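For reference, the structure discussed in these notes is given below.
The values are calculated or read from the model by the stated rules, or taken from the named source; none is laboratory data. These figures come from a predicted structure and were not determined experimentally. Neighbour counts run over all protein chains shown; Cβ positions are idealised from the backbone, glycine included. Protein only, heavy atoms only, side chains kept; ligands, DNA and RNA dropped before computing areas. Shrake-Rupley method; radii C 1.70, N 1.55, O 1.52, S 1.80 Å.
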Amino acid sequence: MEAAGSTSHNLRNMLENSDRFLTAVEIETSRGLLMAEASRRTAELAKRLSEFDKVDFVSLTDNPGGNPHIRPEVLGQDLLFRGCDVVINMSCKDYNRNGVESRLWALGSQGFSNVLALSGDYPIGGFQGQAQPVFDIDSVGLLELMSKMNDGLPNQMWGSVGREDRLEKTNFFAGCAVSPFKKLEGELMTQYFKLALKVKTGAKFAITQIGYDSRKAAELYQYVQSNDINIPLIGSVFILTAPAGRFFNNWGVPGVWVSDELRDEANKKAKSKDRGKAFFSELAAKQIAILKGIGYRGAYISGRPQLKRMQGILEMADSFGENDWKDFAKEINFAQPDEFYYYEQGDNPGLSSNEVNPSYRASKSKSARAKAQVTVPLQFRVGKFVHDRVFTEGTVGFKVGKAVYSQVEKSKKLSKIAHIAEQATKVPAYQCRDCGDCSLPDIAYLCPESQCVKSQRNGPCGGTKAGKCEILDQECIWIRAYDRLKPFGDETKMLQRPIVFRDASLRNTSAWANTFLARDHHANRNPEDTDSRA
Ligand code: SF4
């Protein structure tokens with residue numbers, strides 16, 4: 001068997017040096033010790049699947065659904081020794097940036113290079129009550145950290161100011177997730193923008209969210225091709241069951257949805273002798289064929305498949321005729337009611353054309369934008385007006401603010417009064433939580449600390465359900481931001497900016513002072529300078 005990490009059978013090599021369609025299988029780790037019955041069963045399944053020559057790599061989940069499980073690398077180590085390439089899922093919900101970095105050092109040392117960067121599901125339970133989510137950084141921040149570690153992080157620690165040496169370079173091959181199966185325009189477009197940002201930040205492959213809409217899968221491929229987003233796409237294929245169909249139909253998994261029609265079909269098939277197994281296997285095989293036909297680089301199969309089932313599905317996918325996938329695309333085409341598509345439907349109703357949606361194009365005309373401006377809330381207008389004149393470097397207002405705060409900071413009493421005055425404005429206007437490193441201008445004057453449960457500062461997570469937050473009963477702030485920016489023609493630029501890392505040392509200090517005196521993320525610091533240990 002070939003050694004891991006240096007073989008032709010490694011993900012980087014397969015994606016970069018071949019055009020082969022890849023097959024991945026996702027394994028969900030279990031809760032409990034590795035030697036416990038459930039973990040041993042999972043480990044055995046992972047081993048058997050990894051030995052199946054049609055499986056190119058195994059992906060191991062990281063506390064899926066926000067529940068505690070054994071770390072993926074514990075299971076992954078054995079697979080790695082066996083010569084199977086492994087993708088470790090890493091989410092940002094359970095660790096702050098130091099915890100993430102520490103875990104990355106451990107992964108690199110253990111021989112893992114493929115890491116799927118995820119923001120992560122919001123924790124829904126835990127020992128003695130619900131766990132406190134962390135979300136200190138997000139998936140984009142994690143990608144940035146891996147890129148910098150690959151370049152060699154500056155070796156800066158307390159008391160080592162001025163040292164120029166760097167830590168050993170890592171060799172991470174980073175992946176990201178993308179959710180094209182979104183209903184609203186702002187919900188979908190922000191996913192596309194965020195994908196572009198992730199690629200710019202170092203993502204080398206993208207895995208889609210689970211979905212059963214071939215047209216959207218084709219659209220994502222078309223969008224990536226047409227917008228020079230250079231990334232291989234791997235499409236998710238979840239082997240459905242009737243209970244899973246009902247669960248997804250109720251948004252039981254953040255960001256995953258199954259239509260009433262598909263749910264009903266699944267329920268009907270589940271009444272057959274094999275409880276619908278043959279139907280669900282065929283559905284998965286057809287999805288694999290569609291992804292291959294569209295031009296995806298692989299299929300990412302989940303749903304706890306046993307080896308025999310996987311063999312059957314893959315054999316079936318191989319047995320289809322060259323153009324059968326086009327008919328399958330017509331069949332597996334379950335959209336949300338009134339779902340937005342960036343591209344027009346193709347001649348094949350299950351696929352995308354390359355013509356941009358005409359009503360979307362019309363909505364971007366000068367007159368349409370001008371008309372839409374009346375719908376933009378006053379909060380945004382006032383915020384933007386003040387920001388452009390006072391908080392933007394180079395303006396007269398900024399120079400005055402800088403001069404004033406330089407003086408104010410000489411007195412503790414004055415600083416306190418100024419901070420109270422700032423909070424008196426920002427708490428009622430923006431529900432400010434006094435983080436001291438303000439992202440209001442980054443998100444169209446919506447506060448990520450008070451209105452986003454994951455404090456996402458670099459685009460939306462993938463968990464929205466028809467535009468709503470996966471946890472709160474309100475619209476996602478990133479969709480609201482898109483809707484606020486579009487009438488002014490600024491929506492496409494919303495994520496064309498440096499990545500935001502919130503500096504925790506600024507909590508409960510004046511965000512205004514921090515902006516004027518260049519202490520926050522707006523000061524355009526070199527990302528390497530953000531290592532606050534220097
Ligand atoms: S300072 Fe922080 S908490 Fe306050 S509005 Fe800005 S982002 Fe929100």
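With the convex hull drawn over the C-alpha atoms of region 1-149, the volume per residue is 115 Å³.
In the complete set of protein chains, residue-level accessible area for TRP257 is approximately 50 Å², probe 1.4 angstrom.
Each peptide in 264-270, 182-188 was scored by the mean count of other Cβ atoms within 10 Å over its residues; highest first, the order is 182-188, 264-270.
Each of PHE81, PHE52 has its accessible area taken with a 1.4 Å probe; listed largest first, they run PHE81, PHE52. Taking 0.890 mPa s as the viscosity and 25 °C as the temperature, the Stokes-Einstein diffusion coefficient of region 171-317 based on its alpha-carbon Kirkwood radius rounds to 153 µm²/s.
Using only side-chain charges placed at the Cβ, +1 for Lys and Arg and -1 for Asp and Glu, the dipole size of region 366-530 relative to its Cα centre rounds to 400 debye. By the rule of a C-alpha distance below 19 Å, with chain neighbours fewer than 8 residues away ignored, the aspartates and glutamates paired with LYS413 are GLU422, ASP434.
Put simply, the amide H of LEU116, placed in the peptide plane, has neighbours under 5 Å in ILE88, ASN89, MET90, GLY175, leaving out anything fewer than 5 places away on its chain. For GLU26, the accessible area of its heavy atoms, probed at 1.4 Å with every protein chain present, is near 50 square angstrom. Report P(r) for region 366-530: all Cα-Cα distances, bin width 10 Å, range 0 to the bin holding the largest distance, values in whole percent. That works out to 10, 36, 37, 15, 3, 0, in percent per bin.
Summed over all non-identical Cα pairs, the Kirkwood treatment of region 294-449 gives a radius of 22.0 Å. When only the Cβ of Lys, Arg, Asp and Glu is charged (+1, +1, -1, -1), the dipole of the chain relative to its Cα centre reaches about 1340 debye. Both radii come from the Cα set of region 200-255: Rg as radius of gyration, Rh as Kirkwood radius; their ratio Rg/Rh reads 1.06.
Say the cut-off is 21 Å between C-alpha atoms; which of LYS54/LYS200; LYS148/LYS200; LYS194/LYS493; LYS216/LYS286; LYS326/LYS468; LYS292/LYS468 go over it? Where the Cα-Cα span goes over 21 Å, the pairs concerned are LYS54/LYS200; LYS326/LYS468; LYS292/LYS468.
Taking the radius of gyration and the Kirkwood hydrodynamic radius from Cα positions alone, what is the Rg/Rh ratio for region 117-224, to two decimal places? Intermediate values should be presented prior to the final figure.
On the way: Rg = 17.9 Å, Rh = 16.4 Å.
With Rh from the inverse mean 1/r over Cα pairs, Rg/Rh is 1.09.
Using the Cβ-Cβ distance between ASP165 and LEU307 with R0 set to 30 Å, the FRET efficiency works out to roughly 0.05. In the chain, a dipole from Cβ-located charges (positive for Lys and Arg, negative for Asp and Glu) runs towards its positive end, and of LEU517, PRO349, THR492 it is LEU517 whose Cα lies farthest in that direction.
Dividing the helix sum by the residues of the chain, where each DSSP H run of 4 or more adds -39500 (n - 2.57), gives a mean residue ellipticity at 222 nm of -12500 deg cm²/dmol. Across the chain the C-alpha pair distances fall into 20 Å bins from zero in the proportions 20, 53, 24, 3 percent. Note on LYS182: aspartates and glutamates with a C-alpha under 15 Å away, same-chain residues under 8 apart excluded, are ASP213, GLU219, ASP338, GLU339, GLU470, GLU475.
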